[in-house]
Ligand SMILES: Nc1nc2c(ncn2[C@@H]2O[C@H](COP(=O)(O)OP(=O)(O)OP(=O)(O)O)[C@@H](O)[C@H]2O)c(=O)[nH]1
Ligand SMILES: [Mg+2]
C-alpha cells in the first residue's frame, strides 16, 4: 500500500512545529478531495464530479499563497491503521486539526464507526488535536432532515466515546456542502482554532467596529475566502455570503482592469479598496490590511457618511494588526531555531539514521 511509507524528514518535522497540519479523513467518495479543491484551488463544484479517487496521501502547503499558513493532508478513504507502512503516530503527532468527512447522502453507520476508530487512535498519540466532523453533501437534504442527521450522528459518535471511557474528547460538528458557502464557513472555524492570536484579532475588530459605527466586520484571507477572525456579534450566513461574493467581484474586476501583468499572483495590493451600496441602506466596505488579508465591513448608509472617521480608525487597526503579525513572525523564527536544535539532537542520538532533507 502506498500510504506514507517514506520516513519523515527534517522539513516535515519543522513544518509540523511551525505550521499546523490539517488532516482530511473519511470513507471513500465522502468528498475530501472536492473540499480541498473547491476551497483552496477555486475549482467549481460541478468539476469535482470528475475527480479521481485519491490513492495516496496528498500533502499541500497553504502558506505559499496566503497568510493562513498550514498544511493540508488529503487521505485516501479507508485507511488501514494496522498497515505496517502507515506511520500514524508520526502523522498524528504534528496534527492541529483532524477533519473527518461523513457523506450525509449515504448510509453513515460505517462512517461513524470509522470516525470512532480514527479519533481514538489519534487521541492516544496527541490529545491536543481538534476533532472536526463535517456532515457533508447536505445540499440534497431538507432543513429538517439536516438537523435530524446531525443529531443522530452527534449522539452515536458521543455515545461510542462515552462507552470507551473517552467522554473528554470534544467533537465539533458542521453541516457542509461544496455547492454553497457552508464549506468556507466551516473551514474558517477550523482554521481560526489554529490561530493562537485569535482573541487579540477579535478584540481589535470589536474596538474598530464599536468606534466606527460598523455593524459587522470580517478579516478575510482573500485567496481562500476563509475569514480568520470576526467581531463578537453572531455571524449570519447571508452576510458572510455577500462578503465572499464581494471579494470575488473585486478580484475579477481587478483582473480585467489591472494594467500590470501580475502573472499568477492576485491583482490585490495596498490600493485595493471597494465600496458597494446595497439598495437596503447597507454599505459593504472592503479595505486591504496586508498582502493577503482584507477587512470587509457591513454598515448603514448614515454611518458611512463619517467615512473619514472610519478610515482613521482603520489606519489604527491596521497598525495594530501589523504588530500582532510581527510578534507572530518573531515567535515562528524562534520556534524554527529551537526545532533545528532539537532535530539535530534527535538525529545525533539515533545515530544519524534519518537524514534531513
Ligand atoms: N452533492 C454533493 N456532492 C459532493 C459534495 N462534495 C463532493 N461531492 C461529490 O462526491 C464525489 C466524491 O468526491 P471526492 O472528493 O473524490 O471524494 P473523496 O473523499 O476524496 O474520495 P476518495 O479519494 O476516494 O477517498 C464527487 O463526485 C463529488 O462531486 C457536496 O458537497 N455535495
Ligand atoms: Mg480523494
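Quick note: the coordinates plus some simple rules give every number you see, no bench work behind them. All figures in this text were calculated on a predicted structure; none of them were measured in a lab. Quick reminder, even Gly has a Cβ in these numbers, built from the backbone with ideal geometry, and neighbours come from all protein chains shown.
Values as computed for the structure displayed
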{"read-out": "Distant alpha-carbon pairs in segment 157-250 (separation over 22 angstrom), percent", "value": "40"}
{"read-out": "Point-to-point label distance, residue 28-residue 213, nm (Cα→Cβ direction, 7 Å offset)", "value": "6.1"}
{"read-out": "The chain: most fluctuating residue of 97, 164, 294 per GNM, C-alpha cutoff 10 Å", "value": "164"}
{"read-out": "The chain - share of DSSP beta bridges that are antiparallel (%, nearest 5)", "value": "55"}
{"read-out": "Helix 307-349 vs. the chain, principal-axis angle (Cα, 0 to 90°, nearest 10)", "value": "20"}
{"read-out": "Stokes-Einstein translational diffusion, segment 125-198 - Kirkwood Rh over all Cα pairs, 0.692 mPa s, 37 °C, in µm²/s", "value": "239"}
{"read-out": "Listed residues 321, 135, 147, most fluctuating in the chain (Gaussian network, C-alpha, under 10 Å)", "value": "147"}
{"read-out": "Of 49, 27, 219, the one that fluctuates the most in a GNM where the chain has Cα springs shorter than 10 Å", "value": "49"}
{"read-out": "Mean Cβ count within 10 Å, highest first, over the residues of peptides 204-216, 329-341, 151-163", "value": "204-216, 151-163, 329-341"}
{"read-out": "Cα centroid separation - segment 282-330 against segment 76-136, whole Å", "value": "38"}
{"read-out": "Orientation-averaged projected area, Cα convex hull of segment 21-194 (nm²)", "value": "9.7"}
{"read-out": "Projected label distance in nm at residue 155 and residue 311, using a 7 Å step from Cα toward the beta-carbon", "value": "5.7"}
{"read-out": "Calculated FRET efficiency for the pair residue 167/residue 105, C-beta based, R₀ 35 Å, to 0.05", "value": "0.75"}
{"read-out": "Label-point gap, in nm, between residue 203 and residue 60 - each point 7 angstrom along Cα→Cβ", "value": "3.5"}
{"read-out": "If the convex hull is drawn through the Cα atoms of the chain, its volume per residue in Å³", "value": "163"}
{"read-out": "Degrees separating the helix 109-125 axis from the principal Cα axis of the chain, which is the longest one", "value": "90"}
{"read-out": "Square roots of five times the Cα gyration tensor eigenvalues for segment 197-327, Å", "value": "22, 18, 14"}
{"read-out": "Highest to lowest packing among 168-178, 183-193, scored as the average C-beta count within 10 Å", "value": "183-193, 168-178"}
